[in-house]
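Below is one structure; the comments refer to it alone.
The values are calculated or read from the model by the stated rules, or taken from the named source; none is laboratory data. No experiment lies behind these values; they were computed from the predicted model shown. Because the Cβ atoms are built from the backbone with ideal geometry, glycine has one as well, and the counts that use them run over all protein chains shown.
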Amino acid sequence: MSIAEVSRFELPGFSGSLIHPHHADYDEARRVYNGMIDRRPAVIARCSSADDVVLALGLARSKGLPVSVFGGGHAVTGSAVCDDGICIDLRGMKEIRIDPVARTCRAEAGLNWGEFDAATARHGLALTGGRNPTTGIAGLSLGSGSGWLERKFGYVCDNLISAEVVTADGRQVIASDTENPDLFWGLRGGGGNFGIVTAFHFRLHQLGPIVLAGALMYPAPMAGAVLRHMRDFIRTAPDEVGIGMAFTTAPDAPFVPEPARGKPIVVVQVIFAGDMEQGATVLAPLRAFGPPAADLVQPMPYTEFQKLGGNFPGSQNYWTADFLNELPEEAIDAYAALALTPLSPQSAIILVPGGGAPSRVDEEATAFGMRTAPWNVHYICGWMNPADNAANTARVKEIAAVLKPWSTGRVYLNYIGNEGQDRVDAAFGARKLARLRDLKAKWDPDNVFRHNHNIRPADSQG
Ligand SMILES: Cc1cc2nc3c(=O)[nH]c(=O)nc-3n(C[C@H](O)[C@H](O)[C@H](O)COP(=O)(O)OP(=O)(O)OC[C@H]3O[C@@H](n4cnc5c(N)ncnc54)[C@H](O)[C@@H]3O)c2cc1C
């Protein structure tokens, strides 16, 4: 489509801004987290209301153009942007209203977790949220939403009371337990397949705002021993403990002790989502192990803890993930060896235990595909030089093959790039997939919302 053609797209009544390819903000507006993605929408429709979303969607449908939805732009697939279509950009919709008495909020879909957490923390409240402040609340929540507080408060989607949704045919509806409950079910783990959520109503929980949290760092050769210790610790740990272990490269920064700076390390990141004194007692055996090269666990605002993860916007990224059935000794040995040779300073292999509140929610209660796996391994692999893309992508696949023998066959879709339809289908399992495809046929029969981990409508090809 030529620039002259797209420049003619106008939307009477649209109160946001339409960013065409010749607009000064166009290149910034189409940029997503993953620097590998270089897509050029015909128009980026920066919406400021649900009515704007309806208008932008209507424009796309009337012209027969592809649609993508931009929440926070963090999906490693880059599905927030599409070529030659309408990118419905929600980043102008950031209102959040909190009811501190009822402990609920209404949050517009363009917020990111940093903005969301800062607002709720002012009331001493929190919700399980993404482990990075710049990730959008929308894409993460619709994929179910895993975060440090999940063992105590459940996945993000387990705290969804209702959602305001623009449907594929341009209606504005509510999805909740009592209104359109089938849609409500699908939104909790089915991603952006069923409509565009313009606002979420969430339950919130009392937290902090100061919590006992931080990181323990160990030299990479201790990886196996640290993992065994974490595995044994988490077996009996209360739900308040949120924990994950990353194989990565230590920052070259003063807070890292000299021998570890810039070297391969194992980081155990941990939070106690409860009383700090109790937390000190519960975490004592974890912290006593080693001893670690650095113990940075201390009282800190939850919002600061949320900023501790690596964040490399614009880097080249290939990610993959697997839910694991078990971690026998053989798996631990194979896995621990990966700690010694990180792919790049921007990469981390993260292992997060399951259990806690999400595992007690009925498997059928939400669309999300896997609640009971004891481990989720996530290969967050990024690097700076595009010339390394082919070699590094191949290397990540080799690395991820090491633990495949212990995979459940399911995958957490929030954590992967484009790995093909089979992988998306497998994430849900056959029975749930069939239900999701029926739901898709009801709410989006033409597969308008296909720039995502796609659920194809029932009766369509494939
Ligand atoms: C640095 C980093 C850290 C991360 N940490 C976590 C983590 O701790 N836990 C976790 O679960 N995931 C995590 N993720 C993955 C993240 O949840 C997904 O990438 C998610 O899609 C990002 O949401 P977003 O709104 O930024 O996505 P976008 O890229 O904007 O959107 C991705 C897709 O979500 C859908 N979508 C977005 N907004 C809407 C909407 N309002 N209505 C309907 N559909 C919509 C669309 O299909 C869109 O293509 C992380 C990603 C990054 C890059």
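Summary of computed values
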{"read-out": "Positions within segment 82-120 being in a helix (DSSP H, G or I) and either on the phi > 0 side of the Ramachandran plot or of a type in the set (Ser, Thr, Tyr) (or both), in sequence order", "value": "Thr120"}
{"read-out": "The lone exception for Ala175 - which of (1) in contact (Cβ under 8 Å) with a residue 24 or more places away in the chain; (2) part of a strand (DSSP E or B); (3) of a type outside the set (Lys, Arg) it fails", "value": "(1)"}
{"read-out": "So Gly195, is it farther than 22 Å from Thr120 by Cβ and either buried (at least 19 other Cβ atoms within 10 Å of the Cβ) or among the aromatic types (Phe, Trp, Tyr) (or both)", "value": "yes"}
{"read-out": "Output for segment 173-190, where each listed residue is out of contact with any strand residue (DSSP E or B) (no Cβ under 9 Å at 6 or more places or on another chain) and within 13 Å of Leu160 (Cα to Cα)", "value": "Gly189"}
{"read-out": "Matching residues in segment 99-142 - criterion: being away from the ligand (no atom under 12 Å from the Cβ) and of a type in the set (A, V, I, L, M)", "value": "Val101, Ala102, Ala118, Ala119, Ala121, Leu125, Ala126, Leu127"}
{"read-out": "Residue within segment 343-352 that is crowded, with 20+ Cβ neighbours inside 10 Å and over 30 Å from Asp158 (Cα atoms) present", "value": "yes"}
{"read-out": "Residue within segment 291-302 that is in the same structural domain as Val411 (by TED's automatic domain parsing) and either of a type in the set (Lys, Arg) or within 16 Å of the ligand (Cβ to nearest atom) (or both) present", "value": "yes"}
{"read-out": "Any hit, segment 32-42, residues being within 18 Å of Phe449 (Cα to Cα) and buried (at least 23 other Cβ atoms within 10 Å of the Cβ)", "value": "yes"}
{"read-out": "Among residues of segment 183-219, those that are of a type in the set (Ser, Thr, Tyr) and either within 16 Å of the ligand (Cβ to nearest atom) or assigned to a loop (DSSP other than H, G, I, E, B) (or both), counted", "value": "1"}
{"read-out": "Counted residues, segment 414-441 - those being surrounded by fewer than 14 Cβ atoms within 10 Å (Cβ to Cβ) and either farther than 23 Å from Ile37 by Cβ or of a type in the set (Asp, Glu) (or both)", "value": "4"}
{"read-out": "Residue count, segment 44-89 (criterion: more than 25 Å from the chain's Cα centre (by Cα) and near the ligand (Cβ under 10 Å from one of its atoms))", "value": "0"}
{"read-out": "The one condition in (1) aliphatic (A, V, I, L, M); (2) surrounded by fewer than 18 Cβ atoms within 10 Å (Cβ to Cβ); (3) in contact (Cβ under 8 Å) with a residue 24 or more places away in the chain that Ala253 fails to fulfil", "value": "(3)"}
{"read-out": "Residue check, Thr77 more than 27 Å from Pro209 (Cβ to Cβ) and either without any contact (Cβ under 8 Å) to a residue 24 or more places away in the chain or among the hydroxyl-bearing types (Ser, Thr, Tyr) (or both)", "value": "yes"}
{"read-out": "So Ser62, is it in contact (Cβ under 8 Å) with a residue 24 or more places away in the chain and polar (S, T, N, Q)", "value": "no"}
{"read-out": "Tally, over segment 274-301, of residues that are among the charged types (D, E, K, R), within 17 Å of Gly244 (Cβ to Cβ) and assigned to a helix (DSSP H, G or I)", "value": "1"}
{"read-out": "Index of the failed condition, Met370 passing every other in (1) crowded, with 20+ Cβ neighbours inside 10 Å; (2) at positive phi", "value": "(2)"}
{"read-out": "Any hit, segment 451-460, residues being in a loop (DSSP other than H, G, I, E, B), closer than 22 Å to Pro66 by Cα and at pLDDT below 95", "value": "yes"}
{"read-out": "Positions within segment 346-397 being of a type in the set (Gly, Ala, Ser) and at pLDDT below 95, in sequence order", "value": "Gly369"}
{"read-out": "Single residue of segment 408-422 satisfying the filter (touching a residue at least 24 places away in the same chain (Cβ under 8 Å) and not in a loop (DSSP other than H, G, I, E, B)) that is nearest to the chain's Cα centre (by Cα)", "value": "Asn414"}
{"read-out": "Selected residue (criterion: nearest to Ala80 (Cα to Cα)) from residues of segment 143-160 that are assigned to a helix (DSSP H, G or I) and either more than 8 Å from the ligand (Cβ to nearest atom) or not β-branched (Val, Ile, Thr) (or both)", "value": "Cys157"}
